[in-house]
Structure formats: C-alpha cells, structure tokens
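Q: Take a look at the following structure, please.
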Amino acid sequence: MALTWLDEPSVDALRAALRTVAPDLADGTIVTRGLEPSEDPQWCTASADVDGRFVVKFAWAQPPASRIWHQARLLDALRVAAPCLPLPTVVTASRNPAMLVTRRAAAMPFFDVRHLIAPGDRPTVAGDLAAVLAALHDPDVLTAVSGALGPLPEPMAPASTDTLRARFGALIRPDQRDRVSAWCDEVDRVLAAPGRAVLVHGDLHGDNHLWDRESLRLHLVVDWETAGIGEPEFDLRCLPGDCGVELFTATVAQYERMSGRTVNMDRIMAWHVRAVLSDVLWRAEAGVALPDRRTPAQWVDDLGARFTALGTFG
C-alpha cells in the first residue's frame, strides 16, 4: 500500500482522514497542536487531542509521513523485543494516509514535574530514567528490531560544528565566541571515532517522557518517530540540561549499574553541546523565543556552568 498524507494542514482535512482511519473519532472534539503551515516539508506535521482521550499524529508532506509510519512499525516491534518499556497504547495506525492514533495518558511531561523532585526523590527518578534507557540500549533489542523492520535509520542529528562556528557567533557576546569555538573543537575531537551502536529513542527531551505527578514515577515514553541506530551517549544528551547536574549524574550511575556498561561522559557532553547550541540557533534564526525566554548568551553561560560542575569541556 502506498504511503500518503493529508492534502493540507486543517481540521477539516484531519476529520476527513479520520473517517477512513478511525471513524469513531471523526466527529469528536479536536484540539490541535502544531497545526500551522511550514515552508520546510520536514516539519509539515502536527498532533491532535480528540475528546481528551486520544492523540493523533498526522502529516501533510512525505518526510513526516514516513516518520509516523516508522514510529507505528517500531512500536509494534518494541512491544515484542522490549515488553518492559513504557510505550504508548496504539489504537490504530494507517499508511494511507499516514496516521497514528494512541490512547492519551494521564501523565505529565517531565518539564512540568521536575520542580517537584526533591533530593530524596532523585534515586527513584534516576532509576526510572536509567531503566528505560538500559532496556532500550540492550544489544538484543537492536538485533530483534532490526530483524523485524530491516535496516534502521540514524536519528536526526543536531547542527554540525561547522554550522555552529559559521553562524552562532552572531547571537552571543564577543567575549563568548572563542569559548564556543573551543567547545566545537573539543566536540570534533571527542566524536571523531564512532561510538557503540544501539537502538536509540533519538529525541529524549523532557516533553517526551511523561510522569505521574503524585508518585513521580515514569509513566510513558512518547514520540518515537526518529528512533534508530545511534550510540548510548546520543540518547543521554538532553539530560544534563533537562534534569540538572545532580539528577543527570545519578541517572548515568544507575544506567551503568543496570546495563553493565560504562558510558563516556565527554561524549554525552559533546552531543549536549551540539544539541543545545543547535536548538538555540534555529530558534533565534526563526524568530522563535527560547523556552525560558532567556538569551543565547545566557544559554552559553549556563553551558559553561554545567561543564564546570561536571569537570568536563571547561
């Protein structure tokens, strides 16, 4: 069956597609997120909440349609290969048009609960994060998923250091430019050789793992569209900023204990540099405010403080 997608980014187009894919939802109350035109086909994608009970992922261009279908197939394979993973419950999936309907979870993004995590909660929170990553990165999981799906893609990489050197300096103070250039040099050195290959989520930031507000336990990991072959350190790259240094280091320690494998802190922070600066760059150039409304220069200062606390990249 051919892969297809919606003709336009509109609620009417979504309802028409739902009448084919999930007729019971077509007349429901739809609240969209990200439903806006884009000149880049990569980002012609959105999600919708239907009746407060279901989440629908859909697209109106080929690249995101392919990612949605990839996610649907991957979730099927992961349920067999790693049944302990907290995966979304799939209601239905379609290739024509590309659409994935999952059951909405009564849980909150990590960004909405992290302020509740007290020092005494860190071992449990770190353990939940580490358990998911250790299970996902098990070599047998990569073997099983590759066997079921065939060759897997690499996840979408952040901006290259060449791009950052060429364009990031215009966003920050003159006294920060040499520091960012030196970080890019260190990133190139650290990542010069390839890392160990595992199955990675590919986009494990704080909006993509959902938690129970009362118990502070991990409930669900969502948005598997960019999952593929990468290195463990790539999947850990968001944690230093999202979690803070103490929770991040506790998660790494528990991950190593559970997986029986060490990770390279410098490689995590090298990917962290690229991820953070890449995010700042595209937002600044697109005129999109940073999540906390601070400036690129302040984000660079935060990175420097993080490196000092960890004793790396300083």
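Q: Name the helices (runs of 4 or more DSSP H) wholly inside region 164-279 in which the number of residues that are surrounded by fewer than 20 Cβ atoms within 10 Å (Cβ to Cβ) is 2 or more.
A: Here the list reads 174-190, 239-243, 245-259.
Q: Could you please let me know if residue 248 is out of contact with any strand residue (DSSP E or B) (no Cβ under 8 Å at 6 or more places or on another chain), closer than 25 Å to residue 123 by Cβ and aromatic (Phe, Trp, Tyr)? Before the answer, list the steps.
A: Numbers: out of contact with any strand residue (DSSP E or B) (no Cβ under 8 Å at 6 or more places or on another chain): yes; closer than 25 Å to residue 123 by Cβ: yes; aromatic (Phe, Trp, Tyr): yes.
Answer is yes for this residue.
Q: Moving to a separate point now. In the list 99, 108, which residue meets the criterion of being of a type in the set (A, V, I, L, M, F, W, C), within 18 Å of residue 49 (Cα to Cα), at pLDDT 95 or above and surrounded by 19 or more Cβ atoms within 10 Å (Cβ to Cβ)?
A: Details: 108 fails: surrounded by 19 or more Cβ atoms within 10 Å (Cβ to Cβ).
From the options 99, 108, the qualifying one is 99.
Q: Among the residues of region 55-62, is any under 24 Å from the mean Cα position of the chain (by Cα), assigned to a helix (DSSP H, G or I) and farther than 13 Å from residue 101 by Cα?
A: Applying the first criterion (under 24 Å from the mean Cα position of the chain (by Cα)) to region 55-62 yields 55-62.
Right, trim to assigned to a helix (DSSP H, G or I) and you get 62.
Applying the additional criterion that residues be farther than 13 Å from residue 101 by Cα yields 62.
Among the residues of region 55-62, at least one is under 24 Å from the mean Cα position of the chain (by Cα), assigned to a helix (DSSP H, G or I) and farther than 13 Å from residue 101 by Cα, which makes the answer yes.
Q: Of all the residues that make up region 112-130, how many are under 23 Å from the mean Cα position of the chain (by Cα) and either of a type in the set (Phe, Trp, Tyr) or farther than 24 Å from residue 259 by Cα (or both)? Working first, answer last.
A: Initial filter on region 112-130 (under 23 Å from the mean Cα position of the chain (by Cα)): 112-117, 122-130.
Next, from what is left, pick out any that are either of a type in the set (Phe, Trp, Tyr) or farther than 24 Å from residue 259 by Cα (or both): 112-117.
Selection size over region 112-130: 6.
Q: Checking the conditions here, which among 2, 13 is at negative phi, in contact with a strand residue (DSSP E or B) (Cβ under 8 Å, 6 or more places away or on another chain) and either surrounded by fewer than 20 Cβ atoms within 10 Å (Cβ to Cβ) or of a type in the set (Gly, Ala, Ser) (or both)? I'd like the intermediate steps shown before the answer.
A: On the way: 13 fails: in contact with a strand residue (DSSP E or B) (Cβ under 8 Å, 6 or more places away or on another chain).
So the residue among 2, 13 that is at negative phi, in contact with a strand residue (DSSP E or B) (Cβ under 8 Å, 6 or more places away or on another chain) and either surrounded by fewer than 20 Cβ atoms within 10 Å (Cβ to Cβ) or of a type in the set (Gly, Ala, Ser) (or both) is 2.
Q: Can you tell me how many residues in region 7-49 are of a type in the set (S, T, N, Q), closer than 17 Å to residue 225 by Cβ and in a strand (DSSP E or B)?
A: Keep residues of region 7-49 that are of a type in the set (S, T, N, Q), which gives 10, 20, 29, 32, 38, 42, 45, 47.
Filter once more, keeping what is closer than 17 Å to residue 225 by Cβ: 38, 42, 45, 47.
Narrowing the set further to residues that are in a strand (DSSP E or B) leaves 45, 47.
Residues flagged as of a type in the set (S, T, N, Q), closer than 17 Å to residue 225 by Cβ and in a strand (DSSP E or B) within region 7-49 amount to 2.
Q: Go through (1) in the same structural domain as residue 196 (by TED's automatic domain parsing); (2) outside any helix (DSSP H, G or I); (3) modelled with pLDDT of 95 or more for residue 156 and report which single condition fails.
A: For residue 156, the failing item is (3).
Q: Specify which of the listed residues (122, 67) is touching a residue at least 40 places away in the same chain (Cβ under 8 Å), basic (Lys, Arg) and either out of contact with any helix residue (DSSP H, G or I) (no Cβ under 7 Å at 6 or more places or on another chain) or part of a loop (DSSP other than H, G, I, E, B) (or both). Explain how you work it out, then say what you get.
A: On the way: 122 fails: either out of contact with any helix residue (DSSP H, G or I) (no Cβ under 7 Å at 6 or more places or on another chain) or part of a loop (DSSP other than H, G, I, E, B) (or both).
So the residue among 122, 67 that is touching a residue at least 40 places away in the same chain (Cβ under 8 Å), basic (Lys, Arg) and either out of contact with any helix residue (DSSP H, G or I) (no Cβ under 7 Å at 6 or more places or on another chain) or part of a loop (DSSP other than H, G, I, E, B) (or both) is 67.
Q: Can you report the number of residues in region 280-314 which are part of a loop (DSSP other than H, G, I, E, B) and either at positive phi or within 22 Å of the chain's Cα centre (by Cα) (or both)?
A: Here the count works out to 10.
Q: Taking region 97-116, which residues are in contact with a helix residue (DSSP H, G or I) (Cβ under 8 Å, 6 or more places away or on another chain) and outside any strand (DSSP E or B)? Before the answer, list the steps.
A: Within region 97-116, the subset in contact with a helix residue (DSSP H, G or I) (Cβ under 8 Å, 6 or more places away or on another chain) is 97-101, 110-111, 114.
Passing the criteria: 97, 110, 111, 114.
The values are calculated or read from the model by the stated rules, or taken from the named source; none is laboratory data. Predicted model only: the values in this text are computed from it and were never measured. Neighbour counts are summed over all protein chains in view; Cβ atoms, including those assigned to glycine, are modelled from backbone coordinates with ideal geometry.
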